[in-house]
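Chemist: Shown below is the structure under consideration.
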Amino acid sequence: MRLSADEFKNTKQKRLTLLGMSGVGKTHLAKLLSKEDQYFHYSGDYRIGARYLNQDILENIKAHARQDDCLRSLLDNESIIIRNNITFDNLSSVSAFLGKVGNPELGGLPIDEFIRRQALFRQAEFQTMLDVPKFIDKAKSQGINNFINDAGGSLCELDDNKVYQLLSEHTIILYIRASKVNEETLVKRAQAHPKPLYYQAEFLQKQLEQYLEENKFTYVAQIDPEEFARWIFPRLLEHRKPKYEAIAQKHGYTIDSEDLYQCKNAAEVFRLIEGAMT
């Protein structure tokens, strides 16, 4: 959706898709707007975990539980039930399912299983983004005209113009570009607490080959999953930046994270967006 600053200012239906790495301020922006008006907050990662990966997540948890004789017996006779208690603020079950690649003795996933889960996540994200128009209609049926698609940081990795075109037809795609300071903070956070992430298949393969060579490893199973997650994150950040830029240039607009962090209310956020449209 391409609008002029005046058109955006005057529209009574503010519908946004937020694009950028996790930690650049997408949720901060959504909260600022929601404080002063009613918005339907569509969390891409929540939808992925609650709808499209829910059964896979449950099966993974049950497989771990069945390694204990007592729990296996209780599960088999249906004395206990396991459910995926995912929330907007707690997406741990999705992260646990994605996992990290590397030595199983250090908590890593074998490469074939890791790639399988990565593919499942990509398909789930694809379907989740295709669901956006349906949820816009759902919001309207509830009398809510404003809509925020809080997309995951890996949206740029879908590399599917059908998805980006669909989102741009129904929402304003807003890329929150990380400043240098923000990038440094993201890297430091990833070094301190490396998290499971989605990696585009070709990118992952190249990085694994380089990591194995640098460390003189023969097999992926020799990799410390925590160390690899730390090593790859800065490279992932650089890999995604041009992808974000390309989507924003073709389908949307760009604001800077430092400017966003200066905003104290919805009016200031809107002025920032309007400035990007001029």
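Values quoted throughout were computed directly from the atomic coordinates according to the rules given, and no laboratory measurement underlies them. On a predicted model such as this, the values are computed, not experimentally measured, just so you know. Note that we place each Cβ from the backbone using ideal geometry, even for glycine, and neighbour counts take in every protein chain shown.
Chemist: Pull up the DSSP beta bridges for the chain and report the antiparallel fraction as a percent, rounded to 5. Can you show the working numbers first?
Modeler: Details: 1 of 20 bridges.
Just about 5 percent of them are antiparallel.
Chemist: Test of the criteria: in the stretch 57-154, which trypsin sites (Lys or Arg not before Pro) are in a DSSP loop and have at most 14 other Cβ atoms within 10 angstrom of their Cβ?
Modeler: Details: sites: Lys62, Arg66, Arg72, Arg83, Lys100, Arg116, Arg117, Arg122, Lys134, Lys138, Lys140; in loops: Arg66, Arg83, Lys100.
Passing sites in the stretch 57-154 are Arg66, Arg83.
Chemist: In debye, nearest 20: dipole of the stretch 5-277 around its Cα centre with unit charges on the Cβ of K, R (+) and D, E (-)?
Modeler: Details: 36 positive and 39 negative charges, 140 e Å.
Its charge dipole is roughly 680 debye.
Chemist: Quick one: compute the contact order of the chain, relative version, from alpha carbon pairs under 8 angstrom and 6+ residues apart, as a percent.
Modeler: This gives 35 percent for the chain.
Chemist: What pairs in Lys140/Lys195; Lys26/Lys138; Lys14/Lys250; Lys100/Lys241; Lys100/Lys140; Lys26/Lys195 have C-alpha atoms more than 28 Å from each other? Intermediate results must be reported in sequence, preceding the final value.
Modeler: Working: Lys140/Lys195 36 Å; Lys26/Lys138 22 Å; Lys14/Lys250 20 Å; Lys100/Lys241 22 Å; Lys100/Lys140 39 Å; Lys26/Lys195 18 Å.
Cα-Cα > 28 Å for Lys140/Lys195; Lys100/Lys140; rest within.
Chemist: Taking the Cβ of Glu274 as the center, what net charge do the other residues with Cβ under 11 Å away carry, scoring Lys and Arg +1 and Asp and Glu -1?
Modeler: Numbers: positive: Lys9, Arg271; negative: Asp6, Glu7, Glu268.
Counting the neighbours of Glu274, the net charge comes to -1.
Chemist: How high is the relative contact order of the stretch 134-260, given as a whole-number percent (alpha carbon pairs under 8 Å, six or more residues apart)?
Modeler: Values: 75 pairs, mean separation 58.1, N = 127.
Value for the stretch 134-260: 46 percent.
Chemist: Here's something else I'd like to know. Determine which aspartates and glutamates satisfy two conditions relative to Lys243: a Cα distance under 17 Å, and not lying fewer than 8 residues away in the same chain.
Modeler: Glu125, Glu157, Asp159, Asp160, Glu183, Glu202, Asp256
Chemist: Looking at the stretch 238-278, which trypsin sites (Lys or Arg not before Pro) are DSSP coil and have at most 14 other C-beta atoms within 10 Å of their C-beta? Display every interim value, and only then the final one.
Modeler: On the way: sites: Arg240, Lys243, Lys250, Lys264, Arg271; in loops: Lys264.
For trypsin sites (Lys or Arg not before Pro) across the stretch 238-278 that sit outside H, G, I, E and B with at most 14 neighbouring Cβ atoms in 10 Å, the list reads Lys264.
Chemist: Here's a follow-up. How many nm separate the modelled label positions at Gln67 and Asp112, each set 7 Å beyond the Cα in the direction of the Cβ?
Modeler: 1.9
Chemist: Provide Rg over Rh for the stretch 75-205; use the alpha carbon set for both Rg and the Kirkwood Rh (inverse mean inverse pair distance). Let's see the in-between values first.
Modeler: Numbers: Rg = 17.9 Å, Rh = 17.7 Å.
My calculation puts Rg/Rh at 1.02.
Chemist: How many nm is it between the label spots at Asp224 and Leu3, if each spot is 7 Å from the Cα in line with the beta carbon?
Modeler: My value for the distance between the label points is 5.0 nm.
Chemist: Filter the trypsin sites (Lys or Arg not before Pro) in the stretch 6-56 to those in DSSP coil with at most 12 other Cβ atoms within 10 Å of their Cβ, and list the result. Write down the numbers at each step before the final one.
Modeler: Working: sites: Lys9, Lys12, Lys14, Arg15, Lys26, Lys31, Lys35, Arg47, Arg51; in loops: Lys12, Lys14.
Qualifying residues, ordered by number: Lys12.
Chemist: Straight-line reach from Lys206: which lysines have a Cα under 16 Å away, not including same-chain ones fewer than 8 places off?
Modeler: Lys216
Chemist: Once the stretch 5-277 is represented by equal point scatterers at the alpha-carbon sites, with solvent omitted, what log10 I(q)/I(0) does the Debye formula produce at q = 0.10, 0.14, 0.17 Å⁻¹?
Modeler: Per q value, in the given order, log10 I(q)/I(0) is -0.57, -1.04, -1.39.
Chemist: Semi-axes of the equivalent ellipsoid for the stretch 1-160, please: Cα gyration tensor eigenvalues, times 5, square-rooted, ordered largest first, whole Å.
Modeler: Numbers: eigenvalues 264, 68, 33 Å².
Computed over the stretch 1-160, the values are 36, 18, 13 Å.
Chemist: Hey, another quick one. Please report the spacing between the Cα centers of the stretch 1-40 and the stretch 180-213 in Å, no decimals.
Modeler: 28
Chemist: Add +1 for every Lys or Arg and -1 for every Asp or Glu among the other residues with Cβ under 13 Å from the Cβ of Gln118, and state the total.
Modeler: Numbers: positive: Lys100, Arg116, Arg117, Arg122; negative: Asp56, Asp112, Glu113, Glu125, Glu157, Glu202.
Value of the local net charge: -2.
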